[in-house]
1. Consider residue 104 against the criteria (1) out of contact with any strand residue (DSSP E or B) (no Cβ under 6 Å at 6 or more places or on another chain); (2) open to solvent by 20 Å² or more (accessible area, probe 1.4 Å); (3) under 30 Å from residue 42 (Cβ atoms): it satisfies all of them except one. Which criterion is unmet?
2. For the range 191-266, list the helices (runs of 4 or more DSSP H) that sit wholly inside it and hold at least 1 residues that are open to solvent by 80 Å² or more (accessible area, probe 1.4 Å) and touching a residue at least 24 places away in the same chain (Cβ under 8 Å); which are they?
3. Looking only at the range 66-87, count every residue that is open to solvent by 20 Å² or more (accessible area, probe 1.4 Å) and touching a residue at least 12 places away in the same chain (Cβ under 8 Å) and tell me the total.
4. Taking interchain pairs and intrachain pairs at least six residues apart, which have beta carbon atoms under 9 angstrom, with the first residue in the range 31-42 and touching a residue at least 12 places away in the same chain (Cβ under 8 Å) and in a loop (DSSP other than H, G, I, E, B) and the second open to solvent by 60 Å² or more (accessible area, probe 1.4 Å) and not hydroxyl-bearing (Ser, Thr, Tyr)?
5. Where residues in the range 88-101 are over 30 Å from residue 148 (Cβ atoms) and either among the basic types (Lys, Arg) or in contact with a Leu (Cβ under 8 Å, 6 or more places away or on another chain) (or both), which of them is least open to solvent (accessible area, probe 1.4 Å)?
6. Among residues belonging to the range 149-184 that are part of a strand (DSSP E or B) and either among the acidic types (Asp, Glu) or open to solvent by less than 10 Å² (accessible area, probe 1.4 Å) (or both), point out the one that is farthest from residue 62 (Cα to Cα).
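The values are calculated or read from the model by the stated rules, or taken from the named source; none is laboratory data. In this text, all values refer to a predicted model and were calculated from it rather than measured experimentally. FYI the Cβ positions are ideal-geometry reconstructions off the backbone, even for glycines, and counts take in every protein chain you see. What goes into the accessible areas is simple: the full protein's heavy atoms, side chains included, and nothing from ligands, DNA or RNA. Shrake-Rupley method; radii C 1.70, N 1.55, O 1.52, S 1.80 Å.
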Amino acid sequence: GEEAATPMSEIPASAASDTFLGIEFGSTRIKACLIGADGQTIATGSHAWENRLENGLWTYSLDEVRTGLQAAYADLVAALGEAPASFGAIGVSAMMHGYLAFDAAGELLVPFRTWRNTNTGAAAAELSEALGVNIPLRWSIAHLHQAVLDREEHVSRIAHITTLAGYVHELLTGRAVLGVGDASGMFPIDPATGGYDERLLGIAQDRLAAAGAPLDLAALLPEVLPAGADAGELTAEGAALLDPTGALRPGIPLAPPEGDAGTGMVATNAVRPRTANVSAGTSIFAMVV
C-alpha cells in the first residue's frame, strides 16, 4: 500500500542531513524512496516504464532512463509537498547485469542490452569452461564476448562498459564506479581483494584477443567499491538532471551503485547468517547467505 507522506514543512531544515534518498530502476517501475535516520519511509515516488524488443534484443532507451529518473523524483517531491534542497546521502540501484558500451566520447555504441537477453549462449559456454566458473548468459562479460564472437562493428571503439545502475550513478556524479554486488554480475570477483579476479581477467582477455579483440578488460570495467565507500558527490549537472527546478543542491554524497539482488537482500534483512531471500518479481530466484 501507499505510505503516508510527511510534508517537508514538518521536517526541520536541519534534518535534511538525516534523510536518505534511494532510487531503484526495476524492470517495470522506477522508484524513488526517501527515508529518515530511523529507517522509516517518509515518502515515495514512482514512474512506470517497459522494455521493448528492438532488432531481437530487449532494451530501454537512455532517454527513457533520464526522463524516468526525473519523473520518479518529481512524483516523490509531489508526495512531499515541497522540493528538498539536500539529503544526507543518495543511493542508486537497478536491474543487474546486461551491457552498456560507450566510446571514448561517452556515446552509447549499441542500444542497452538488458539482463533479459539470451543471445549470449556461445560466449557464456566458452567463458564458463575457460574460467572454470559459471558465467551466466546475462553477465556483462558474456555480452561483451558474444559481441566479439559475432564480429560486431562497435567492439573496436569500446572505451567503457557498465550496468544500468553504474550509468545512472555516473550521470549524477561523473564517476565510473560500481558497488561490489553489481560488479559481480559483470565479471567474477576475488573475495581476497574485493575487486575483479586478476587471474580470470587475464584468461578472459586472452580469449577476447584470440577472437580478434585485443581489449584491456581492466580498463573497460568500472572501479569496484565496497558498501560504505565514498562513491562521489552529486554534481551540479547531476542535481539539474534529477531536479530540473533547481531546488536540489549539489554536493550530496552518493553510495556505490548496486544491483537489485543486493538491495533486495538488504531490504528483506536477508544479510544475516542462516537467512534467505526469495525473489518472485520479473524473474524468480533464491539467494541463501
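1. Checking residue 104 against (1) out of contact with any strand residue (DSSP E or B) (no Cβ under 6 Å at 6 or more places or on another chain); (2) open to solvent by 20 Å² or more (accessible area, probe 1.4 Å); (3) under 30 Å from residue 42 (Cβ atoms), the one that fails is (3).
2. Values: elements: 198-210, 217-220, 236-242.
In the range 191-266, 198-210, 236-242 are the helices (runs of 4 or more DSSP H) which contain 1 or more residues that are open to solvent by 80 Å² or more (accessible area, probe 1.4 Å) and touching a residue at least 24 places away in the same chain (Cβ under 8 Å).
3. Narrowing the range 66-87 to residues open to solvent by 20 Å² or more (accessible area, probe 1.4 Å): 66-67, 70-71, 74-75, 77-79, 81-83, 85-86.
Narrowing the set further to residues that are touching a residue at least 12 places away in the same chain (Cβ under 8 Å) leaves 66, 70-71, 74-75, 77-79, 81-83, 85-86.
Counting residues in the range 66-87 that are open to solvent by 20 Å² or more (accessible area, probe 1.4 Å) and touching a residue at least 12 places away in the same chain (Cβ under 8 Å) gives 13.
4. So the pair list comes out as 37/18; 37/20.
5. Here is the first cut: in the range 88-101, the residues over 30 Å from residue 148 (Cβ atoms) are 88-91.
With the extra rule that they be either among the basic types (Lys, Arg) or in contact with a Leu (Cβ under 8 Å, 6 or more places away or on another chain) (or both), the set shrinks to 89-91.
On the way: 89: 28, 90: 3, 91: 21 Å².
The residue in question is 90.
6. So in the range 149-184, the residues part of a strand (DSSP E or B) come out as 160-162, 177-179.
From what is left, the residues that are either among the acidic types (Asp, Glu) or open to solvent by less than 10 Å² (accessible area, probe 1.4 Å) (or both) are 161-162, 177-179.
On the way: 161: 14, 162: 13, 177: 18, 178: 18, 179: 21 Å.
Within the range 149-184, the match that is farthest from residue 62 (Cα to Cα) is 179.
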